[in-house]
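Below is one structure, written out as structure tokens; comments come after it.
The values are calculated or read from the model by the stated rules, or taken from the named source; none is laboratory data. Please read these numbers as outputs of a predicted model, since none were measured by experiment. Neighbour counts run over all protein chains shown; Cβ positions are idealised from the backbone, glycine included.
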Amino acid sequence: MTDDRQDNSAPPIDRLIDAMLDMVARDGWSAITRDSVALQAGMAVSEVYGLCADRGQLLDAYARRVDVAACADAEPGLDAAVRYDELLDILMRRFELLQVHRDAVVRLIREVPGAPRTLLARLPQSQRSFAFLAAAAGYPHKGLPGVIFAKALSAVWLATQRDWLRDDTPDLSVTMASLDRNLRRAIDLVGPLLRLGNSGTRSAAQ
């Protein structure tokens, strides 16, 4: 479900993001242009241009908003087990935040790959996102170790996303089990390479 009413008290970039998500849920990604989102948000095109040059940058802005919210209460772990639990919590909060606009996000996942230029242009933001999430939990996020770890998290996310798309449980328990399983496997794989030590686990999902 979407709500066409826009909160004019919200920061301009949030008004644009929310307008874009409402439009995607209703009409799909192909209907999105920078100008149409400006109209939906009740903003002048010139004002919108100062915030984003094209519609793809709205996806980047949405990703950053979700990342910041997911890490709002995060603290880098001092040992392997705490770091693992913190990262698991961050990634799960990210899915919970996407759940708020589930209809739009599902359409984006299915339709943006049909716009290869838009998809490829999002890859740098994806790398930045997972490096940001890693840093919030206390994992490597700079240099070659950071690149490796961010790519591992990207793989974890994509594998878990498939289960999130079919998860109709009220508490996203299917997603949680999948995330725990996939994250543990990734940490076990890259941990020795990056000298992360034992990952530690929280849940019993296998």
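Quick notes
- Among the residues making up the range 65-93, those that are under 12 Å from the mean Cα position of the chain (by Cα) and either modelled with pLDDT under 95 or within 24 Å of PRO12 (Cβ to Cβ) (or both) are ARG65, VAL66, ASP67, VAL68, ALA69, ALA70, CYS71.
- Evaluation of GLY42 against (1) in contact (Cβ under 8 Å) with a residue 12 or more places away in the chain; (2) surrounded by 14 or more Cβ atoms within 10 Å (Cβ to Cβ) (one fails), failing number: (2)
- For TYR139: the one exception among (1) free of Cβ contacts under 8 Å to residues at least 60 places away in the same chain; (2) farther than 24 Å from LEU87 by Cβ; (3) buried (at least 16 other Cβ atoms within 10 Å of the Cβ): (2)
- Within the range 171-203, the set of residues being acidic (Asp, Glu), assigned to a helix (DSSP H, G or I) and either at positive phi or modelled with pLDDT of 95 or more (or both) comprises just one member, ASP180.
- Helices (runs of 4 or more DSSP H) fully within the range 58-170 counting 3 or more residues that are touching a helix residue (DSSP H, G or I) at 6+ places or on another chain (Cβ under 7 Å) and closer than 28 Å to GLU47 by Cβ: 102-111, 116-121, 123-137
- Check on ALA81, surrounded by fewer than 18 Cβ atoms within 10 Å (Cβ to Cβ), in contact (Cβ under 8 Å) with a residue 24 or more places away in the chain and more than 19 Å from ILE109 (Cβ to Cβ): yes
- All told, ARG107 meets the bar of being closer than 23 Å to LEU58 by Cα, in contact with a Gly (Cβ under 7 Å, 6 or more places away or on another chain) and of a type outside the set (A, V, I, L, M, F, W, C).
- Residues being surrounded by fewer than 17 Cβ atoms within 10 Å (Cβ to Cβ) and of a type in the set (A, V, I, L, M, F, W, C) - total across the range 30-39: 2
- Residue satisfying condition, being out of contact with any Phe, Trp or Tyr (no Cβ under 9 Å at 6 or more places or on another chain) and of a type in the set (A, V, I, L, M), within set LEU98, LEU120: LEU120
- For the range 166-183, the tally of residues that are of a type outside the set (Asp, Glu) and either touching a strand residue (DSSP E or B) at 6+ places or on another chain (Cβ under 8 Å) or touching a residue at least 60 places away in the same chain (Cβ under 8 Å) (or both) stands at 5.
- Residue match in the range 120-129 (condition: within 19 Å of PRO76 (Cβ to Cβ), in contact with an Asp or Glu (Cβ under 9 Å, 6 or more places away or on another chain) and surrounded by fewer than 19 Cβ atoms within 10 Å (Cβ to Cβ)): yes
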